[in-house]
Amino acid sequence: MPLPLTILGLESSCDDTGAAVLRRDGDRAVILSNVVASQTDLHAAFGGVVPEIAARAHAEKLDIMVEQALAEAGVTLPEIDAVAVTAGPGLIGGVLSGVMAAKGLAMGLGKPLLGVNHLAGHALTPVLTDGMRFPYLMLLVSGGHCQFLRVDGPQEFRRLGGTIDDAPGEAFDKVARLLGLPQPGGPEVERAAKSGDPARFDLPRPLMDRPGCDLSFSGLKTAVLRARDDLVAAQGGLSEQDRADLCAGFQAAVADVLAGKSARALEGQGALTGFAVAGGVAANATFRARLDAVAAAAGLPFVAPPLALCTDNAAMIAFAGLLLHEVGQRDDLTLSARPRWPLDTAAAPLIGSGKKGAKA
Amino acid sequence: MGKGQAERLMPLIAEVIADGGRTLEDLDAIGVGIGPGNFTGIRISVSAARGLALALGIPAVGVSMLEARALDTPHPSLVSVDARRDHLYLQRFGPGADLGPDLVAMNAVAAWACPGLSVTGDRAEEIAAVLGATPMPCPDNPTPAIARLAAARFRDPALPRPAPLYLRAADAAPARDGGPMILPR
């Protein structure tokens, strides 16, 4: 049985500053606290996350969130056995602030430092929340990422496919902006879609005609823009119904692509224990229902962690750090923050494949 | 040092403490440079200092580069830090002469003149010539001055947590596309 161990986790790779305390208790890992400060309001006026604004906010928030997480957990710093931190991939200013805060904590406490890949944090969450066993298929779908990962162990990931341009969450934000809806776009578009007719506009299902599990959402967003502009040219603006129909059509197209590619990703994988989803876009009820059906058709359980553990959080980083600790990983105080850090280094790069290598 | 600060900082702290014949547990406070300067660099120092201070249960004290450079100059003194693009970060120190800190274009430094002024820091000779002031050298390494100022301040019960001193807004423009007109029913 694994030794009892208490891990402090830090996350600051995008626009959420998170800290969490997690304890290994026999075969289980228990989240003692998991606090997140969102920067949504700071970025609202800019129609997207501004890296410099995000970095500034993280640098002045991380230690405060750590204090809050410790207080909620009823744990004191000397009881922490290791400090786990997101070391990439992500917006480098925020990742750097997190890594430096974690180094300060680890050095001051004299405890090990664990650099965690943010994507591994998401990908391993079903093990934490549902006791899922390896190997399983994970669809990571968020504002910054979209990829299918076959997870064979805490450090064994194989990327089966992913987006070649935008992430779906990013596309939702852009569509919301095109249609005059507030940010973040995911929940706004989903709400508007409820009263819309998904069949009114003929929107594309990008890459469905190609083999493999790669996805694309950039063209879909442009198709929504064209449809909007046609309506504006014809009638001087959009009616609420036009907007609802566009939202419903866009959401249906994304759902078809995610479901279709998921079915394809599950083919030929041999014995899997299940199909799991993570990332903020997994909050969309339509997508959850479609992905659940895909898993059922493949005879597999569908696992969607609770929303607070699907979106960016530090508990997943603490948990991934715990698993790394248990296989003997230790980082020293020269740990680097990495804007690019693909989980599967063997897979061909999808995005950012210039001389700096793949992004994620 | 340009790249590699994040990798080098903690080992450097360990070396400096060992050279001083002390251990981390001997520290009463941590002084940290908060800029102004390279945004990433000052976030590296401030984030690390705040984490270390939390772990050791001691205060971290933010000290600006302008304050550090002013420490051993005769007052009134004008201190400058290069802000690139022909701009400077300026602060004036002295009884009745306190002004700034602020981001100032090189061609607008004349407004910072005052009687008996000494000027220290980046481009001090040029600034002093414009103002009719006396240029003064400043030490290359500001960390002893940061530590001395931290020593003078760390017992202040109202001490704020150190925060980067940016003096320049984040480079970001509000979204342009406000969305289409929504027609009434």
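In summary, the helical segments of chain A meeting the span-like criteria, namely a full DSSP H run, a Cα extent along the axis of 24 angstrom or more and a mean Kyte-Doolittle hydropathy of at least -0.5, are A:92-109, A:218-235, A:240-266. Label-to-label distance, B:D86 versus B:T134, with points set 7 angstrom from Cα along the beta-carbon direction: 3.1 nm. The mean sequence distance of close C-alpha pairs (under 8 Å, at least 6 residues apart), as a share of the length of chain B, puts its relative contact order at 24 percent.
Chain B against chain A buries an accessible area of about 3400 Å², both chains summed, 1.4 Å probe radius.
Largest GNM mean-square fluctuation among B:L52, B:L71, B:L12, using chain B with Cα springs under 10 Å: B:L12. Dipole of the protein assembly as shown computed with +1 at Lys/Arg Cβ and -1 at Asp/Glu Cβ about the Cα centre; of A:P305, A:I31, A:H43, farthest Cα towards the positive end is A:P305. The magnitude of the dipole of chain A, with charges of +1 and -1 set on the Cβ of Lys/Arg and Asp/Glu and taken from the Cα centre, is near 680 debye. Taking A:D312, A:D197, A:D130 as the candidate residues, the one with maximal mean-square fluctuation in a Gaussian network model of chain A, Cα springs under 10 Å, is A:D130. With all pairs of different C-alpha atoms in the average, the Kirkwood value for the hydrodynamic radius of region A:87-153 is 13.7 Å.
Computed over protein heavy atoms with a 1.4 Å probe, the accessible surface of region A:89-248 works out to 34 Å² per residue. Considering only A:Q39, A:Q235, A:Q68, the mean-square fluctuation computed in a Gaussian network model of chain A, springs between alpha carbons under 10 angstrom, is largest for A:Q235. May I ask you to work out the translational diffusion coefficient for region A:225-273 at 10 °C, viscosity 1.306 mPa s, via Stokes-Einstein with Rh from the Kirkwood sum over Cα pairs, reported in whole µm²/s? Calculated translational D: 120 µm²/s. The calculated FRET efficiency for the pair A:Q155 and A:D41, based on their C-beta separation and a Förster distance of 35 Å, comes to about 0.40. Here the Debye sum runs over all C-alpha atoms of the protein assembly as shown as equal scatterers in vacuum, and log10 of I(q)/I(0) at q = 0.07 Å⁻¹ comes out as -0.48. Working ranking of peptides A:244-254, A:331-341 by packing, defined as the average number of other Cβ atoms within 10 Å per residue, highest first, is A:244-254, A:331-341. Based on the Stokes-Einstein relation at 10 °C and a viscosity of 1.306 mPa s, and on the Kirkwood radius from alpha carbon pairs, region B:74-135 is assigned a translational diffusion coefficient of 143 µm²/s. Residues of region A:243-258 with amide nitrogen under 16 Å from the 7 Å Cα-to-Cβ point of A:D202? Answer for region A:243-258: A:249-250, A:253. Distance between the 7 Å Cα→Cβ label points at A:R28 and B:N141: 5.4 nm.
Peptide B:49-62 has a mean shielding of 6, counted as Cβ atoms of other protein chains within 10 Å of each residue's Cβ.
Straight-line cross-link reach from A:K194 at under 19 Å between alpha-carbon atoms covers these aspartates and glutamates, not counting any fewer than eight positions away in the same chain: A:D173, A:D202, A:E240, A:D242, A:D245, A:D256.
For region B:74-135, the solvent-accessible area works out to 49 Å² per residue, with a probe of 1.4 Å and every protein chain left in place. Computed over chain B, the P(r) tail beyond 24 angstrom holds 47 percent of alpha carbon pairs. Spin-label model, B:L27 to A:V232: label points 7 Å out along the Cα-to-beta-carbon direction sit 5.4 nm apart. Within the accessible surface of chain A, defined with a 1.4 Å probe on protein heavy atoms only, the carbon and sulfur portion equals 53 percent.
The values are calculated or read from the model by the stated rules, or taken from the named source; none is laboratory data. Everything quoted here is computed from the prediction, not taken from an experiment. A quick note on method: Cβ atoms are made from the backbone with ideal geometry, for glycine too, and the neighbour counts reach across all protein chains shown. We work out accessible area using only protein heavy atoms, side chains counted, and drop any ligands, DNA or RNA first. Shrake-Rupley method; radii C 1.70, N 1.55, O 1.52, S 1.80 Å.
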